[in-house]
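Values quoted throughout were computed directly from the atomic coordinates according to the rules given, and no laboratory measurement underlies them. Owing to the predicted nature of the structure, the values given are computational and were not obtained by experimental measurement. So basically every Cβ, Gly included, is an ideal-geometry build from the backbone, and we count neighbours across all protein chains shown.
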Amino acid sequence: MAFGGPIVADAIALVPAGVIALVTVLLAWVSSLIIGRLLSRTNPRMAGAGRRLTVVVVVLIGGTLALQAIGVNPAVLLVVIGLLGATILIALREPLGNYGAKYFSDIYTPFKVGDTIRVQGYAGKVIEINAMTTVLLTDDDLLVSVPNSSMLRDVVVNTSPQAWKEVIVPVTLAASIDLPAFESELLKSLTKLRTRLDRRFPPVLTTKSRSAQSADLALTLMLRRPEDRDAMTAEANKRIAEVLDHVRGVRR
């Protein structure tokens, strides 16, 4: 008993921290589902980012409470986390800015690979959009790498013919979703919008990339009127969410 006493006491002292950790995991999972449901009618990428941010916040709060339960001063922990976070943000300010700009440019910037644009005094055809830069091929066969953050700060002119007609809506699906069924249902739903679309160019859903966890798609719409761009983007996201819910319901 003399040998086991301290060990048992230490184990008992860790029980509250273990309970807090389990509750934190459960709350993170439930919160992620709730946020995903609330944002289901928004852009899928934004919904995914909202779910991940929720999990991070819940885990940080739960981790702080768990460490406090075992005797660690939470004030010290918060100071350490704050200093580490500030150091990381300062060191990665430019890469994170470009990476974040890539995320928002995917959603809001009206150009894609293959378009001809002008930005920061350069003009050329977009041949690549990666996590950090947008690469242009000029008329002189020069490669120009423009930081993605510039696409949000500076004026970007898309000089491609009838570029205003095209709306591209990014779609991210979990690997468990039946992609052919989703595509069929979505295109069928979009036929109800044909009076607002250019009938010469029907909606097209293309696959940009696939992994074991998800598939990144792009829905391309050709508008009849430029003033419908925002309304049609919102309507397309609404129908994507509705079709996704329907496909998930069929699987259940």
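Observations
- As a proxy for reagent exposure, ranking Ile20, Ile61 by other Cβ atoms within 10 Å from fewest up yields Ile61, Ile20.
- Spin-label pair Thr87/Thr191, simplified geometry with 7 Å Cα→Cβ offset, distance in nm: 6.1 nm
- Sorting the segments 210-221, 164-175 by their residues' average number of neighbouring beta-carbon atoms within 10 angstrom, most packed first, yields 164-175, 210-221.
- Extension gain, Ala181-Val57: 0.36 nm per intervening residue step, less the Cα-Cα distance, totals 41.1 nm.
- Pairwise FRET efficiency - Leu14 versus Glu242, Cβ, R0 = 45 Å, nearest 0.05: 0.45
- Other residues whose C-beta falls under 14 angstrom from the C-beta of Val157 contribute a net charge of 0, scoring Lys and Arg +1 and Asp and Glu -1.
- Evaluated with a Cβ-only charge set (Lys, Arg +1; Asp, Glu -1), the range 181-252 carries a dipole of roughly 200 debye about its Cα centre, given to the nearest 20.
- Shape call, the range 145-252: gyration tensor on alpha carbons, a/c limit 1.5: oblate
- Centroid-to-centroid separation of the range 51-81 and the range 213-231 [C-alpha atoms, Å]: 40 Å
- Ordering Ile240, Ile81 by the number of other Cβ atoms within 10 Å of each residue's own Cβ, fewest first, gives Ile81, Ile240.
- Volume per residue of the convex hull around the Cα atoms, evaluated for the range 109-158, comes out as 65 Å³.
- Dipole moment magnitude, nearest 20 debye, the range 109-158 about Cα centre, only Lys, Arg, Asp, Glu C-beta charged: 220 debye
- Neighbour-count ranking [beta-carbon atoms within 10 angstrom, fewest first] of Lys238, Lys188: Lys188, Lys238
- Mean separation of Cα contacts under 8 Å, 6 or more apart, over the residue count of the range 109-158: relative contact order %: 34 percent
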